[in-house]
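A short write-up of the structure that comes next.
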Amino acid sequence: MSTTLDEMTVRTRATTSAELASGRESRETVGDVTSANPRMVCRHVDVFYGSTQAIKDVSLDIGKNEVVSMIGPSGCGKSTFLRCLNRMNDTIDGCRVTGSITLDGLDIYDKGLDPVPLRAQVGMVFQKPNPFPKSIYENVAYGPRILGLTNSKAELDDIIEGSLRKAGLWNEVKDRLDKPGTGLSGGQQQRLCIARTIAVSPEVILMDEPCSALDPIATAIIEELIDELRSNYSIAIVTHSMQQAARVSQRTAYFHLGDLIEVGETNQIFTNPKHKLTEDYITGRFG
């Protein structure tokens, strides 16, 4: 493809007032999909499971030091799109991704690119905490060891402590690092998984409904942590909680049946949505 990414800048896709009033679905995204300081740039992304198309011509930037929330009804494609950002869909038989996704200008779907180090740069925190059946220390040490990021036990110890501190967990576990990670509470396990992700120095952190299995107190702690992590990382989060999206994100993207319907500043999306489908979802008319 001879066209450069800069030349492929996506214009705001207009939806006429008549379309908005009628609620007619459109594949045209309302709002500005670009970011002034992008870390990841996604253009015209399509995802197919066999002959079924799950994502349709989605373009979206993930900016530096920002949280982007992806919202929408179950089955709308938001998690599928999230998994495109670190090639987790490669593990699904019959899944095919087309379009362009770059990280700092590098095509992450280049045939010569190894997805293993990519998944260190673009880490994933899953819906349910999934600590390894190892000690707290070994959970966080796993990535740095596999990737050869340290040359000594002292360096590894520093990474372990630093990662647990950034995840807000150090003071709770510093005296029991040799204990199983699976013995922690659900909220602590999720923060351990975040520490494990941070330990390999990612640029982007993907979170797929990270609080759905947690109680309100643990959820509040994770949300505070997300806000703190934004100063060092770009974060994309899928959530079914519109309240959570409003609390943690700077930009929000609304998905519907595989289309990216609308994207904008979070406050605008929740107080003055431009598309009828977005408004219907936000106000609880469906979803």
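The values are calculated or read from the model by the stated rules, or taken from the named source; none is laboratory data. Please read these numbers as outputs of a predicted model, since none were measured by experiment. Neighbour counts are summed over all protein chains in view; Cβ atoms, including those assigned to glycine, are modelled from backbone coordinates with ideal geometry.
Quick notes
- Residue within the range 33-43 that is modelled with pLDDT of 50 or more, small (Gly, Ala, Ser) and under 23 Å from Asp90 (Cβ atoms) present: no
- Screening Arg191 with (1) surrounded by 14 or more Cβ atoms within 10 Å (Cβ to Cβ); (2) over 23 Å from the mean Cα position of the chain (by Cα) gives one miss only, at (2).
- Matching residues, the range 139-160, being free of Cβ contacts under 8 Å to residues at least 12 places away in the same chain and either crowded, with 16+ Cβ neighbours inside 10 Å or under 21 Å from Asn232 (Cβ atoms) (or both): Thr150, Glu155, Asp157, Asp158
- Restricted to helices (runs of 4 or more DSSP H) entirely inside the range 213-275, those with at least 2 residues that are touching a helix residue (DSSP H, G or I) at 6+ places or on another chain (Cβ under 7 Å), farther than 24 Å from Ala54 by Cα and of a type in the set (A, V, I, L, M, F, W, C) are 216-229, 242-248.
- Meeting the requirement of 2 or more residues that are touching a Gly at 6+ places or on another chain (Cβ under 7 Å) and under 24 Å from Leu103 (Cα atoms), the helices (runs of 4 or more DSSP H) wholly within the range 146-210 are 186-198.
- Residue pairs whose Cβ atoms lie under 9 Å apart, separated by 6 or more positions or on different chains, with the first residue in the range 30-44 and under 13 Å from Ile101 (Cβ atoms) and the second of a type in the set (Phe, Trp, Tyr) and not in a loop (DSSP other than H, G, I, E, B), are Cys42/Phe81.
- Looking across the range 97-152 at every residue that is β-branched (Val, Ile, Thr) and modelled with pLDDT under 95, the one that is nearest to the chain's Cα centre (by Cα) is identified as Val116.
- Scanning the range 101-114 for residues that are surrounded by 15 or more Cβ atoms within 10 Å (Cβ to Cβ) and out of contact with any Leu (no Cβ under 7 Å at 6 or more places or on another chain) yields Leu103, Tyr109.
- Residue tally, condition out of contact with any Pro (no Cβ under 7 Å at 6 or more places or on another chain), part of a loop (DSSP other than H, G, I, E, B) and either surrounded by fewer than 20 Cβ atoms within 10 Å (Cβ to Cβ) or free of Cβ contacts under 8 Å to residues at least 40 places away in the same chain (or both), over the range 65-95: 7
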